[in-house]
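Below is one structure, written out as structure tokens; comments come after it.
The values are calculated or read from the model by the stated rules, or taken from the named source; none is laboratory data. These figures come from a predicted structure and were not determined experimentally. Heads up, the Cβs are rebuilt from the backbone with ideal geometry, glycines too, and the neighbour counts pull from every protein chain shown. Note: accessible area is taken over every heavy atom of the protein model, side chains too, but ligands, DNA and RNA are not part of it. Shrake-Rupley method; radii C 1.70, N 1.55, O 1.52, S 1.80 Å.
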Amino acid sequence: MREEKGMTATQPVAGPGIEASEQPGVTGATSGGVMAGGRKPGGDTRETLYFALRNPKVVIGAVVVLGFLLVGLIGPAFLRFAPMDYAGPPMAPPSADFPFGTTTFGQDVFAQFVAGLRSTFLVGLLGGGVSAVIGMAIGFVAGYRGGLIDELLNMLTNVVLVIPGFVVLIIINAYLGVRSVPMQALYIGVFSWPWVARAVRAQTLSLRTRDFIDLAKLSGVGVGTILRREVAPNMYSYLFMTFVLLFGGSILTAASLDFIGLGPTNAMSLGLMMNQAVQWSALHLGLWWWFIPPGLGITLIVGSLYIMNVGLDEVFNPKLREM
Amino acid sequence: MLTLTQLDKVYKTGTFGSSDLHAVRQVSLDVQRGEVVSLIGESGSGKSTIGKMVLHLLDSTGGSITFDGRDVTKLGFRARRDYYRKVQGVFQDPFSSFNPIYKVDRAFETLRRSYFPRVSSADWRKRLEDALGAVTLEPDDILGKFPHQLSGGQLQRLLIARALLLDIELLVADEIISMLDASTRIDVLNLLGELKGRGLGILFVTHDLSLGNYVSDRVVILYKGRVVERGDTSAVFDDPLHPYTRDLLASVPHLDRTWEEVEVEEAERTERLAGRCLYHEAVAGDGASDGGEVPDGVGLVEHAPGHFVGCFRKAAEEPCPAA
Ligand SMILES: Nc1ncnc2c1ncn2[C@@H]1O[C@H](COP(=O)(O)OP(=O)(O)OP(=O)(O)O)[C@@H](O)[C@H]1O
Ligand SMILES: [Mg+2]
């Protein structure tokens, strides 16, 4: 039933000399057979990938998100106008020249959409990244060290958690007036890490006391190896999922800020497009091509990320796989 | 072989470690080769805590643990690796003893990577099958499965098999048959007997008195972290002295005697021991004024050869009934 495992060239061993005193009763162990039967490097990764590719939620989510990313990345190469250029006739519906039509001022909606996608992904990546890094660092240290450090970090986490982040963001954006996309992402990241920290802390805390950690110790495995081979893999999937959620959350927060007019002034974003569309009464004028693409874009990206997250849960958790 | 001397464990609990939980108090016991010693006590009496300290998984707060005369409370990484070659444990909770994201094989693979990197695949497979056979498991039914796909009893037996793969001298078995059904239970008990015959020492942790009676050469009765009575199994079970032990035994059915006989015997014993404390009588009788070595209420006196009993108070904080 079990497949024969292949040879491994990079089998990590606990250190030379320790194994030398090995082998009670194993006389004829040839050097050829030494490493045979070890785990394939990345064997688990491969299996995870296999299940990921078979999971419709993950596949659909990833295709949508990557599709938008691709448009954002290579789109500019096909554009003839900058987002703010008065490129053509005002209020033109979609046509061959302007696939998403034009705004009241004759700006190319598609050009704006592509630029907006880029800043949307930037906000997601940066904002999600910042909060993930802060949250994981704090959560991991608090959970692993415990004691006084844990109490202090927990207090900090709870303080930031009860601060109404969105309100603070509005105030900061309005008064400090820093209006570049990376800055906005940074602010968002700085206020959305607490729940990550709490979740990561709880995970670490519970993992730290699980018996399989002790069992690994009983197998003569060092702390580094235990963290790498037992603790971290349990978290990777979770951390990855957390990042996916943070990514979506940052995008949504940024879009909301943009929409209420607190977005970047020197860049285009999907939220800003909607803000302008509303400001110039695109709804009343029936310029659906102005607000549908950004609205749909945000909805699809964030929605796909959440669906992907649900799928990933099934992929990473073998208990959910069979269902 | 294994000797615990006045072992203490205090857990720091509460906010900022404000309160202490004295889980193990001045516990002294020993396990010899080819002997099963049962550690009996109710839930929360500190049995697992003692087991984990013996396995060097928890730091003790005071006292010493020696193995073949060597102090094992402070071991470096290498010394610890060597220690685990001789001393292994099976934990109480089989479900948390396996990393849920990996197949159960990995627990064995970890052991192999660590201690037997030079054993050939075929040879290892053979050893594995032997070990699994010893705990009446079918390798093909078990290997390649995830922990959640196996029953608690199967996992528990896997853990025993894992310990058997090493040529150990001492096994700490924490409630290892709690999840086994009657038929496998007897198999595992017989296996323990066989191991004992081969010279293995076993520290058998259980809350089940009749089980302790069945398997062990000596018993240690633990109450709230304190040893209240210990000695040869027959001595303790035939003539329980401490009120707690007597309470415990009163609730166990005897196969060889009728209920009335037991009642009569216990009534007689109650009459003989009521209002007394053999510990303090013995200490006073010795005229031992240097009783300051052991804090009051946690020491033991040898009532009969090989039969030790502690002060008749129940919890260590309570006053002695004879005082
Ligand atoms: N990590 C910990 N931190 C604080 N207190 C603990 C910790 N582990 C155990 N305790 C406490 O120490 C006492 C002894 O626990 P232990 O697990 O040794 O009991 P036990 O005899 O094994 O019980 P059971 O039969 O239920 O397994 C309990 O009161 C428990 O609450
Ligand atoms: Mg226990």
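Counting Cβ atoms of other protein chains within 10 Å of each residue's Cβ and taking the mean over peptide B:103-111 gives 5. Taking Rh as the Kirkwood radius computed over C-alpha pairs, what is the Stokes-Einstein D of chain A at 37 °C in a medium of viscosity 0.692 mPa s, expressed in µm² per second? It comes out at roughly 143 µm²/s.
Each principal axis of the Cα atoms in segment A:120-167 has its own extent, and those three values, largest first, are 40, 24, 8 angstrom. The angle between the Cα long axis of helix A:270-279 and the longest principal axis of the Cα atoms of chain A comes to about 20 degrees, rounded to the nearest 10. Return the average number of partner chain Cβ atoms within 10 angstrom of each residue Cβ along peptide B:80-91. Other-chain Cβ atoms within 10 Å of each residue's Cβ, averaged: 4. In this view, the solvent-accessible surface of residue A:144, computed with a 1.4 Å probe and all protein chains in place, comes to about 80 Å². May I ask for the angle, rounded to the nearest 10°, between helix A:43-54 and the longest principal axis of chain A, with both axes built from Cα atoms and the value confined to 0 to 90°? Approximately 40 degrees, to the nearest ten. May I ask for the angle, rounded to the nearest 10°, between helix A:232-259 and the longest principal axis of chain A, with both axes built from Cα atoms and the value confined to 0 to 90°? Computed tilt is about 10 degrees. The residue among A:283, A:263, A:63 whose Cα reaches farthest toward the positive pole of the charge dipole of segment A:48-320, with charges on the beta-carbon of Lys, Arg, Asp and Glu, is A:63. Build a GNM of chain A with springs between Cα atoms under 10 Å apart, and of A:185, A:92, A:254 the one that fluctuates most is A:92. Once the 1.4 Å probe is applied to the protein heavy atoms, chain A comes out at 49 Å² accessible per residue.
Find the sum over both chains of the accessible area lost when B and A are paired, probe 1.4 Å, and report it in Å² to the nearest 100. Chain pair B/A: roughly 4400 Å² of buried accessible area. In order along segment A:106-119, phi translates into HN-Hα couplings of x, 7, 6, 4, 5, 4, 5, 4, 5, 5, x, 4, 4, 6 Hz, rounded to whole numbers, per the Karplus curve 6.51 cos²θ - 1.76 cosθ + 1.60 with θ = phi - 60° and x for Gly and Pro. In this Cβ point-charge picture (+1 for Lys and Arg, -1 for Asp and Glu), the protein assembly as shown has a dipole of about 2880 debye about its Cα centre. Going by accessible surface with a 1.4 Å probe and the largest first, A:306, A:175, B:115, A:238 read A:175, A:306, A:238, B:115.
Equivalent-ellipsoid semi-axes for the protein assembly as shown (Cα gyration tensor, √(5λ), whole Å, largest first): 65, 31, 20. Couplings 3J(HN,Hα) of segment A:296-302, computed from phi: 5, x, 4, 4, 5, 5, 5 Hz, in residue order, whole Hz [Karplus 6.51 cos²θ - 1.76 cosθ + 1.60, θ = phi - 60°; x for Gly and Pro]. The DSSP beta bridges internal to the protein assembly as shown are antiparallel in roughly 60% of cases.
For segment B:29-140, what is the convex hull volume of the alpha-carbon atoms per residue, in Å³?
Hull volume over Cα atoms, normalised by residue count, gives 165 Å³.
Relative to the 2.2 N^0.38 Å rule of thumb, segment B:105-259 has a C-alpha radius of gyration ratio of 1.22. Split the accessible area of the protein assembly as shown by element, probe 1.4 Å, and carbon with sulfur accounts for 61%.
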